[in-house]
1. For the subset of the stretch 54-79 comprising residues that are in a loop (DSSP other than H, G, I, E, B) and either in contact with a Cys (Cβ under 9 Å, 6 or more places away or on another chain) or touching a residue at least 12 places away in the same chain (Cβ under 8 Å) (or both), which member is farthest from T121 (Cα to Cα)?
2. Could you list, in sequence order, the residues of the stretch 54-81 that are of a type outside the set (A, V, I, L, M, F, W, C) and either within 18 Å of the chain's Cα centre (by Cα) or surrounded by 20 or more Cβ atoms within 10 Å (Cβ to Cβ) (or both)?
3. Would you point out the residue of the stretch 179-188, among those that are open to solvent by less than 10 Å² (accessible area, probe 1.4 Å) and not in a loop (DSSP other than H, G, I, E, B), that is nearest to I32 (Cα to Cα)?
4. Which members of the stretch 161-189 meet the condition of being β-branched (V, I, T) and on the phi > 0 side of the Ramachandran plot?
5. Out of (1) within 17 Å of E20 (Cα to Cα); (2) over 18 Å from the mean Cα position of the chain (by Cα), what's the single condition that is false for L170?
6. Restricting to the stretch 25-53, name every residue that is open to solvent by 10 Å² or more (accessible area, probe 1.4 Å) and either closer than 17 Å to H220 by Cβ or assigned to a loop (DSSP other than H, G, I, E, B) (or both).
7. Taking the condition in contact (Cβ under 8 Å) with a residue 40 or more places away in the chain and either closer than 20 Å to K157 by Cα or surrounded by fewer than 16 Cβ atoms within 10 Å (Cβ to Cβ) (or both), does A240 pass?
8. The conditions are (1) within 19 Å of I181 (Cβ to Cβ); (2) without any contact (Cβ under 8 Å) to a residue 40 or more places away in the chain; (3) charged (D, E, K, R), and E16 fails exactly one of them. Which is it?
Amino acid sequence: MNMWEIFVAVILGLVEGLTEFAPVSSTGHMIIVDDLWLKSTELFGSEVANAFKVVIQLGSILAVVVLFWGRFMDLLGLRKLKGTSAVNGPKLNLLQIFVGLLPAGVLGLLFEDYIDDHLFTMKTVIVGLFLGAFLMIAADKFRPKLTAETVDQITYKQAFGVGLIQCLSLWPGFSRSGSTISGGVLLGMSYRAASDFTFIMAVPIMAGASLLKIVKYWEHFTPEVLPFFIAGFISAFIFALFCIRFFLILINKVKLTPFAIYRIVLAVVLLFIIW
């Protein structure tokens, strides 16, 4: 394993960690950084590169688990969550998480092969970046009266509504975080409640999708590429840890429009690249 390969792994882990949970589309950034610059497929082949992207995604998932450890323990009934209104009042439960995951989970299973084979192109990502940006601007402009200040005040109806809107994220470039946070805000959640719900939901759906792909690419997890995978996993975990903390502080202050503007600029850059 040479230094260039480790560098590629760390940079791609950085990109994954910084963009997976921000509403800016990790797919769009991966195309710019990897497909147009680092070209990880040329190092070990496309199958190993695809397996690597699953591994670094698991690094980002682990960061969410660490940051929301108390919440997950409470959801599983292993420990009561202290220091929130959930102690004496209503609180988020596993059924609400399931309701939120169901729509995108079903559609993702039905259309996974089609999405992988036909939608992961530069043009579809650009479309997703533009449309996702407009949804985010709409969330800022047309958000209704606040009905869920914290994640524990989310209703089943809101959870299912967010799940339906999350289906948009199956289109590459739309962004899972961008669609679900925007959807939550449009359904009456605070920005922090929508963000918390987004990150909590991300763990089971991303972990499930990642495990299915690990099975698919298992034969490519060979000893010679393990250092490459490990470096990327650690990088993604560390950068996701800091990015999520920073984003949760920032979102209540700046809302979604600045991220939407960034997405539009990114889409324009991609347009210039392909033309």
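1. Per the stated criteria, the residue is L76.
2. Q57, G59, S60, R71, D74
3. S179
4. Those that are β-branched (V, I, T) and on the phi > 0 side of the Ramachandran plot: none in the stretch 161-189.
5. (2)
6. K39, T41, E42, L43, F44, G45, S46, E47, V48, N50, K53 - these are the residues of the stretch 25-53 that are open to solvent by 10 Å² or more (accessible area, probe 1.4 Å) and either closer than 17 Å to H220 by Cβ or assigned to a loop (DSSP other than H, G, I, E, B) (or both).
7. Answer is no for this residue.
8. (2)
The values are calculated or read from the model by the stated rules, or taken from the named source; none is laboratory data. Small disclaimer: the values here were computed from a predicted structure and weren't measured. Cβ coordinates were reconstructed from backbone atoms using ideal geometry, including for glycine residues, and neighbour counts include every protein chain displayed. Calculation scope for accessible area: heavy atoms of the full protein, side chains included, ligands and nucleic acids excluded. Shrake-Rupley method; radii C 1.70, N 1.55, O 1.52, S 1.80 Å.
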